[in-house]
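Trainee: The structure follows.
Rule-based calculations on the coordinates, nothing more; no lab input. Note that the structure is predicted; figures quoted are calculated from it, not measured. Here the Cβ positions follow ideal geometry from the backbone for every residue, glycine too, while neighbour counts run over all protein chains shown.
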Amino acid sequence: MPSENLRWDTLDALKNSPKGKLKYSSDWLEKEEDVLAGFIEISSLSPLSGQILKKLSPRPRLKTCSVVSSVRDTSPSFSEDVAICGSVPISPRPISSPISPPAASVLAEEEDEEEGKEGTQEEIEDVHAVGVSSAVSVSSTPAISVLSPRATQMAGCIRMCEEKHRARAKAELSLRQEQQQHLVATVAGRGSEQLKRFDELMALKQRQEYQSMRDMMEKETQESLGRQEKLREEHRHRMKILNLRLREAEQQRLREAELERQRQTEGRERLRTLNDIQEKVLQLNQKLQPAPATQTGPIPNHASYITSGNQLCSQVSEVVRTTTEGEFPSVVDMAVAEQALQAMMTLVGALQDEKAQDAERKRKEDEEEERRKKQAELEAQLEEQKKRTAALSAKEKSKREGLQMRADDSTLVWCIGLQDFAKQCAESFEELNSKDQKTKKLKMDLQKAATIPVSQIGTTSGSKLKEIFEKIDKLLSGRAVMSGGKSVCASHHRCGQEFINYKLAEKFVKQGEEEVASNHLAAFPIAVVASGVWELHPNVGELILAHLHKMCPYSVPYYPPKTEGMSVEEHRRILGYRVEDSKVEEQDSFLKRMSGMIRLYAAIIQSRWPHSNKQGPHPHGLNHGWRWLAQILNMEPIADVTATMLFDFLEVCGNALMRQYRNQFWKLLLLIKEEYFPRIEAITKSGQMGSVTRLKQFLENSLRTKQISPPTGQLDHSFWRS
């Protein structure tokens, strides 16, 4: 409707007025500011209010509108304004009565309504429509009060809202005052507590200072008492020292007298010792003199030894000459004489060693000549025996289809020669078996130095194996090596080199008997070191073969026969069995040991030391493996032994023989399967078929595939780089 639109325009106008722009703030009361100071003046009507009232509502004007003026004003504009409000009488005299309470309350409520902005939009429109007052005079502004029930109600609502806000503000102020008082009380309590803690801290510091002062005083007291006690103790100590010095002076005098007597005694003793040294030096010098001319053989030239001996004799004589003036020889003189005696003994020892070496060399030459004579005689006897038994041998061979019961004569001669060489080597170091403690200790050190490196051979790394080989080579070359934390050298004894050679070869074979028998992979590292030692030191290689043939006759191959009068235990011992207290070794243990030594032998004949400077042939190569294989096939098999030896040998050395002999090897393998293996099966009992079965499977697989795999454990190039 038009009136409603006008009301909204009025409200917008009021909103944009200074009173409408007033905003409430909750801290007015706290700041004690009179925010409404500029907005409590009485509202006045403009000269155009009549026209505005006409437009506000089409309803008839209220008759209850009253205009009160305290100043007489007859201006036409004011009259017109009042006339517009309605038929309200205007008095020509000043109105002495105050504004009626309802009018004043309405005016106050209108001001509160404008200040607090409380009430609804509809109530504000009615108040503006009913209660409007304006000042009509210049000297005094008349108060106009428009009364209506709705305006009164609105004024009451505004008053109630104002009282509510005032009560709320008072409550918040009291709450804030209580909080402030509580905060002040808390701060005061905290300050009192801090003051109390400060007082306690000051009291504690005072007590500590008092205690420290008391402790310091007690400490000073104790120190003064200690100093006094120390002074008394020092006094007593000085007195004791003075007494001791007096006693020591007396004792020193007695000691000097005793020392003088001892000096005289020792001087006479040194003089006697010097005479004895001179006598010994002269006696030793006599040993350096050349042998009489009647001795057979050439006279050795020992001029250098004689000259050195004469010089040492002159040196001792010079020392003796200084003592003929009545003075005793000094310690320095005795040291010079003893050094001369020691040098003379060393000189005589060197001469005797040289003579012993010459004698040993001559003895070895004589023994070598005797051995050659014996070997020639043995060959002659064997040749004679061969001629005598030719007919019987031919007959027996025809019965056995060409197989023998023993090795060839050349093989036996070779085997016997190796055994004689080993026996001579053992006899050469017989002196080391002396019961002398020094000799026994030296023998033990040499044996440890020879056997411990062989025990350390393994597949750990190529560098470790090379280090072990170099240590063995150094020992065999006569150089000193460290063993058990001490330096050991073969030249410490004139029989030391032969002893080391013998024990080292024996230890290699022992490793095959024990280590390889329980661990087949250990055959190749031991074999490659043994092959390298054999190449650089041939005597050690021959001793290895001698020990191997003695402990395992099947490595020849050779089946020692039982001679007349030989006991069963003795025959078993010759065959390689261990016999202890007439108890023969079990067959499984015996075959295991023999297998280990055959595997070591098969690994040696195909292995070479990779770091050797020599480019010659293998000292005991594959040709000996072919000879062994041919020799064993020419002999009648032995139950359980021949099958085991053949299988172990072919498994280790078969691949190398195949690559070396090619078609000839396959022909030999076919011969074993078709002709020799049935003989083995014929003599094998039911409980001994294990080794026979393994050999049969190996032969069948090899001939079917025409290939033999390389042996397990063989050292390749990558091993030597580790």
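Trainee: Distance in nm between label sites at residue 11 and residue 479, each 7 Å beyond Cα in the beta-carbon direction?
Mentor: Output for this residue pair reads 12.2 nm.
Trainee: Next question, about the same structure. Any chance you could list the semi-axes, whole Å, largest first, of the equivalent ellipsoid that the Cα gyration tensor gives for segment 468-537, using √(5λ)?
Mentor: On the way: eigenvalues 114, 29, 28 Å².
Computed over segment 468-537, the values are 24, 12, 12 Å.
Trainee: Also, I was wondering about something else. Mind ranking 358-371, 699-712, 205-218 by how tightly packed they are, going by the mean number of other C-beta atoms within 10 angstrom, highest first? Write out the running numbers ahead of the final one.
Mentor: Values: 358-371: 11.8, 699-712: 13.6, 205-218: 10.0.
Descending packing order for the listed peptides: 699-712, 358-371, 205-218.
Trainee: Could you work out how far the C-alpha centroid of segment 529-599 sits from that of segment 153-186, in angstrom?
Mentor: Using only Cα atoms, the two centres lie 124 Å from each other.
Trainee: Still on this structure, please answer the following. Could you list, in their original order, any pairs among 510/592; 440/503; 441/503; 510/550; 15/164 whose Cα atoms are separated by more than 21 Å? Don't skip to the end; give the middle numbers.
Mentor: Values: 510/592 13 Å; 440/503 15 Å; 441/503 16 Å; 510/550 12 Å; 15/164 23 Å.
Violating the 21 Å limit, Cα to Cα: 15/164.
Trainee: Let me ask something additional. Under a point spin-label approximation (7 Å from Cα along Cα-to-Cβ), what is the residue 584-residue 419 distance to one decimal in nm?
Mentor: With each label placed 7 Å out from Cα toward Cβ, I get 2.0 nm.
Trainee: Among the listed pairs 362/423; 287/448; 287/443; 170/196, which have their C-alpha atoms separated by more than 27 angstrom in this model? Before the final figure, lay out the partial values.
Mentor: Numbers: 362/423 18 Å; 287/448 37 Å; 287/443 29 Å; 170/196 38 Å.
287/448; 287/443; 170/196, as the Cα separations exceed 27 Å there.
Trainee: If you take the square roots of the eigenvalues of the alpha-carbon gyration tensor of segment 417-565 and sort them as a ≥ b ≥ c, do you get rounded (a/c under 1.5), prolate (a/b over b/c) or oblate? Please report the intermediate quantities before stating the final value.
Mentor: Working: a/c = 1.95, a/b = 1.12, b/c = 1.73.
Because a/c hits 1.5 or more and a/b fails to exceed b/c, segment 417-565 counts as oblate.
Trainee: Sorted by average packing, counted as other Cβ atoms within 10 angstrom per residue and highest first, what order do 523-534, 267-278 take? Write out the running numbers ahead of the final one.
Mentor: On the way: 523-534: 25.6, 267-278: 15.6.
The densest-packed peptide leads the list: 523-534, 267-278.
Trainee: Something else about it: Loop only by DSSP, 16 or fewer other Cβ within 10 Å of the Cβ. Give me the trypsin sites (Lys or Arg not before Pro) in segment 599-631 that pass, ordered by residue number.
Mentor: Numbers: sites: 599, 608, 614, 627; in loops: 608, 614.
Counting only loop positions with at most 16 other Cβ atoms within 10 Å, the trypsin sites (Lys or Arg not before Pro) in segment 599-631 are 614.
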